[in-house]
């Protein structure tokens, strides 16, 4: 049975382990674990994603699914849920950094942008400043003009 809920302090160790296992940074997670959605199957953590709020914008980060659970729509579900959460919070835009999932996020309506287009609240975030993200592609979803996501 699959359950999805907000992250809690008790999830921290497992979230960081999953992120690192999937080649993503666990930097800053301890301070923001409550920004995560966590998916568990039979009690085991199988997927995570986070939406950090930064003023009127958000930063989508740490979308990760264990290899055994990939290709089941978990990343799509978590990403869509966080986009909806951003709309509920009336955020105007969501940013993300990616090294290898640009095409995936384009299906959710994100578009690549230049780093100098990023709003200061996002550019000043620890995730954005992390050395591991220095060469990542920056993408943005304008929630004031968002269309429906495309099917995988």
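The values are calculated or read from the model by the stated rules, or taken from the named source; none is laboratory data. Values in this document were obtained by computation on a predicted structure and should not be read as measured data. With ideal geometry, Cβ positions are generated from the backbone for all residues, glycine too; neighbour counts draw on all protein chains shown.
Numbers at a glance
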| quantity | calculated |
| --- | --- |
| Contacts under 9 angstrom Cβ, first residue in the stretch 58-71 being at positive phi and surrounded by 24 or more Cβ atoms within 10 Å (Cβ to Cβ), partner modelled with pLDDT of 95 or more and in a strand (DSSP E or B), 6 or more apart | 62/36; 62/48; 62/49; 62/50 |
| Odd one out for residue 95 among (1) under 26 Å from residue 6 (Cβ atoms); (2) at pLDDT below 85 | (2) |
| Subset of the stretch 1-25 [more than 21 Å from residue 85 (Cα to Cα), in contact (Cβ under 8 Å) with a residue 24 or more places away in the chain and surrounded by 13 or more Cβ atoms within 10 Å (Cβ to Cβ)] | 14, 18, 19, 22, 24, 25 |
| Considering residues of the stretch 123-143 that are at pLDDT 90 or above and over 13 Å from the mean Cα position of the chain (by Cα) only, the residue surrounded by the fewest Cβ atoms within 10 Å (Cβ to Cβ) | 142 |
| Tabulated pairs, the stretch 82-95, first on the phi < 0 side of the Ramachandran plot and surrounded by 14 or more Cβ atoms within 10 Å (Cβ to Cβ), second modelled with pLDDT of 95 or more and in a helix (DSSP H, G or I), C-beta under 6 angstrom, 6+ apart or interchain | 94/86 |
| Tally of residues being loosely packed, with under 13 Cβ neighbours inside 10 Å and either touching a residue at least 24 places away in the same chain (Cβ under 8 Å) or in contact with a helix residue (DSSP H, G or I) (Cβ under 9 Å, 6 or more places away or on another chain) (or both) across the stretch 38-52 | 2 |
| Single residue of 100, 35 found to be closer than 21 Å to residue 21 by Cβ and either crowded, with 19+ Cβ neighbours inside 10 Å or modelled with pLDDT of 95 or more (or both) | 35 |
